[in-house]
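The structure under discussion appears below in the form of structure tokens.
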Amino acid sequence: MDRNLNLIYQKLYSYFGPQHWWPARTPFEVIIGAILTQNTNWLNVEKAIGNLKKYKLLQPVTLYKLPHKRLASLIRSAGYYNIKAKRLKSFLKFFIKYYNGSIKKMSKGSTISLRQQLLLVNGIGPETADSILLYALDKPVFVVDAYTKRILSRHRFIPEGAGYDETQNLFMNNFSPKGRPAGSPNIRLFNEYHALLVKLGKEFCLKRRPKCEMCPLK
């Protein structure tokens with residue numbers, strides 16, 4: 001399994017090259033983007049974040065104090081804007097209460113405890129929590145999304161309909177970069193691998209009419 005996962009990574013990296021994820025200037029922006037990107041595409045999220053930047057609101061306390069209606073209108077392009085405004089407020093309340101709005105303080109926590117805390121925040125599920133941990137806090141967790149599950153099930157690494165934890169554990173327990181023991185965490189490679197799978201899912205392993213004959217993993 002370890003060999004197969006490494007081979008997939010090498011093929012994707014050779015074909016697509018580095019993806020430079022997450023597309024954000026600061027860890028806090030990563031977190032906001034991770035919440036906004038739920039059930040929408042990144043272009044819509046970029047527009048919403050652009051609005052927050054335009055009015056210089058992309059700061060924890062400033063954003064938390066913003067009236068709900070105003071916040072919802074600014075992130076409208078991300079879809080489900082009323083729901084997402086509530087989710088942002090829930091995270092910001094948690095972030096300010098427990099970490100004084102400081103990424104540095106938050107990043108000092110253990111991966112396990114931070115994940116447990118994030119999952120208790122309204123509107124944050126496993127994928128969003130792990131995106132925050134990996135991309136904003138530099139914690140060694142593998143992010144699983146619909147692209148990951150689709151690709152792995154089609155290549156028979158996991159059964160169709162496999163759960164989040166089962167899929168994540170496949171990488172956490174088996175993917176070992178060259179020169180490191182199996183299961184050894186590597187933040188940069190977890191980051192790159194997830195980004196490459198997203199790229200493959202968007203361009204080749206489509207939900208309908210996948211381009212199997214042209215796939216880099218063929």
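The values are calculated or read from the model by the stated rules, or taken from the named source; none is laboratory data. Since the structure is predicted, the reported quantities are computational estimates derived from the model, not experimental observations. A quick note on method: Cβ atoms are made from the backbone with ideal geometry, for glycine too, and the neighbour counts reach across all protein chains shown.
Quick check: is even one residue across the range 106-116 under 26 Å from LYS149 (Cβ atoms), of a type in the set (Val, Ile, Thr) and more than 16 Å from the chain's Cα centre (by Cα)? Yes, there is a match, as at least one residue in the range 106-116 is under 26 Å from LYS149 (Cβ atoms), of a type in the set (Val, Ile, Thr) and more than 16 Å from the chain's Cα centre (by Cα).
So is LEU119 without any contact (Cβ under 8 Å) to a residue 12 or more places away in the chain, aliphatic (A, V, I, L, M) and assigned by TED's automatic domain parsing to the domain that holds LEU92 or not? Yes; evaluated as a whole, the condition is true for this residue. The criterion of at least 3 residues that are surrounded by fewer than 20 Cβ atoms within 10 Å (Cβ to Cβ) and at pLDDT below 95 is met, among helices (runs of 4 or more DSSP H) falling completely within the range 108-197, by 164-174.
Take the conditions (1) over 22 Å from LYS202 (Cβ atoms); (2) in contact with a helix residue (DSSP H, G or I) (Cβ under 7 Å, 6 or more places away or on another chain); (3) not basic (Lys, Arg); THR37 misses just one of them, which is (1).
Consider the range 10-42. How many of its residues are over 28 Å from CYS215 (Cβ atoms) and outside any helix (DSSP H, G or I)? Of the residues in the range 10-42, 3 are over 28 Å from CYS215 (Cβ atoms) and outside any helix (DSSP H, G or I). Taking the condition of a type in the set (A, V, I, L, M, F, W, C), part of a helix (DSSP H, G or I) and in the same structural domain as PHE190 (by TED's automatic domain parsing), does LEU7 pass? Yes; evaluated as a whole, the condition is true for this residue.
You will find that of LEU66, LEU88, the residue that is outside the structural domain of CYS205 (by TED's automatic domain parsing), over 30 Å from ASN173 (Cβ atoms), without any contact (Cβ under 8 Å) to a residue 60 or more places away in the chain and within 16 Å of the chain's Cα centre (by Cα) is LEU88 and no other.
When GLU46 is tested against (1) surrounded by 16 or more Cβ atoms within 10 Å (Cβ to Cβ); (2) at pLDDT below 95, exactly one condition is not met: (2). Taken as a whole, the structure leaves LYS53 outside the set of residues that are surrounded by fewer than 16 Cβ atoms within 10 Å (Cβ to Cβ), touching a residue at least 24 places away in the same chain (Cβ under 8 Å) and either within 19 Å of ALA136 (Cβ to Cβ) or among the acidic types (Asp, Glu) (or both). Taken together, the criteria place LYS211 among residues that are over 24 Å from TYR80 (Cβ atoms), modelled with pLDDT of 95 or more and not hydrophobic (A, V, I, L, M, F, W, C).
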